[in-house]
Every structure is written in structure tokens, then in C-alpha cells.
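Beneath this line is the structure, given in C-alpha cells, with notes to follow.
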Amino acid sequence: MVNEILTATGLPYKESRFLTPPNTTYAIYNDSVDRRGGDYINLLSQHDVSIELYEYAPDPDAEKAIEDQLDLRGIEYSKESRFWIQAEQLYQVVYDFNYTQKGGI
């Protein structure tokens, strides 16, 4: 699902990190998964996702693109305030959400 969300935004993105970050706004995501079920069959996956948006300058359009995709899917999320990372000379906005997937990963 995370790939679908970020692909629909049109932003460059990767899981975990870019070896060489693009020279434009981009996203990184992390997806932690807990599996559970019953009768020795794990059929439920609980995903805890964090999308980190990195901006060279404040980019409200990129933020709106992510928020529109989350809203379109009815996903509740939390958004942290834009944060300036001095060492990287980038702004960061973090979105956190979780969802349950039935039937496996």
C-alpha cells in the first residue's frame, strides 16, 4: 500500500534511504510489520508506517499530495510540524500511520 500511495504522489521515494538523494523534494518510508493470526496461520499483518518528506524549501504541494493520497484511502495519520535539519540543510515533515492487512504481506 505504501508504494501505491507514494507512486500516486509523483514524488521520488525509496524505502529506508537514498544512496544519493535527488536534488528535489523526496520521500523515505519505513514499514514495520507484526504478523498474527490463529490456529498456526498468520493471516493478519499490522503495518506501522512512517513517511519522511524531505524538502530543500517548504513544499506545500508535496505535503498536499501525500495528505490527499492518505485521505483518499481513509487512512488516519499524524503529521509532525516541519523541522529544519541544520546538518543536512533540509526541511523534514513526518507522517505516521498504521493499517491492518488481511491475508498476508
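The values are calculated or read from the model by the stated rules, or taken from the named source; none is laboratory data. In this text, all values refer to a predicted model and were calculated from it rather than measured experimentally. Cβ: placed from backbone, ideal geometry, glycine included. Neighbour counts: every protein chain shown. Note: areas computed on protein heavy atoms with side chains; ligands, DNA, RNA excluded. Shrake-Rupley method; radii C 1.70, N 1.55, O 1.52, S 1.80 Å.
Shape descriptor for segment 10-57: Rg over Rh equals 1.22 (Cα atoms; Rh from the Kirkwood inverse mean 1/r).
For the chain, leaving out every one of the trypsin sites (Lys or Arg not before Pro) that falls in a DSSP loop and has at most 15 other Cβ atoms within 10 Å, the longest unbroken run is 18-72. The orientation-averaged shadow of the Cα convex hull for segment 34-96, equal to a quarter of the hull surface, comes to 5.7 nm². The residues neighbouring Ala8, those whose beta-carbon lies less than 13 Å from its own, together hold a net charge of -2 under the Lys/Arg +1, Asp/Glu -1 convention.
Would you work out which of Ser16, Ala57, Ile75 lies farthest towards the positive end of the dipole of the chain? Charges go on Cβ: Lys and Arg +1, Asp and Glu -1. Farthest towards the positive pole: Ser16. Rounded to the nearest 20 debye, the dipole magnitude of the chain is 260 debye, with +1 charges on Lys and Arg beta carbons, -1 on Asp and Glu beta carbons, and the Cα centre as origin. Phi angles of segment 81-90 translate, via the Karplus equation with coefficients 6.51, -1.76, 1.60 and θ = phi - 60°, into HN-Hα couplings of 5, 4, 10, 8, 9, 4, 4, 9, 6, 9 Hz per residue; Gly and Pro are given as x. Partner lysines whose Cα lies under 23 Å from the Cα of Lys64, excluding those fewer than 8 positions away in the same chain, are identified as Lys14, Lys79. Between Gln101 and Leu43, the modelled label-to-label distance comes to 1.7 nm, taking each label 7 Å out from Cα in the direction of the beta carbon. Relative to the dominant Cα principal axis of the chain, helix 60-72 is inclined by about 20°.
What segment 33-105 shows is 64 Å² of accessible area per residue, with the surface traced by a 1.4 Å probe over protein heavy atoms. What are the chymotrypsin sites (Phe, Trp or Tyr not before Pro) within segment 39-105 that DSSP puts in a loop, where the Cβ has at most 11 other Cβ atoms within 10 Å? Hits after loop and neighbour filter: Tyr40.
Expressed as a whole percent, the accessible area of the chain that falls on carbon and sulfur atoms is 47 (1.4 Å probe).
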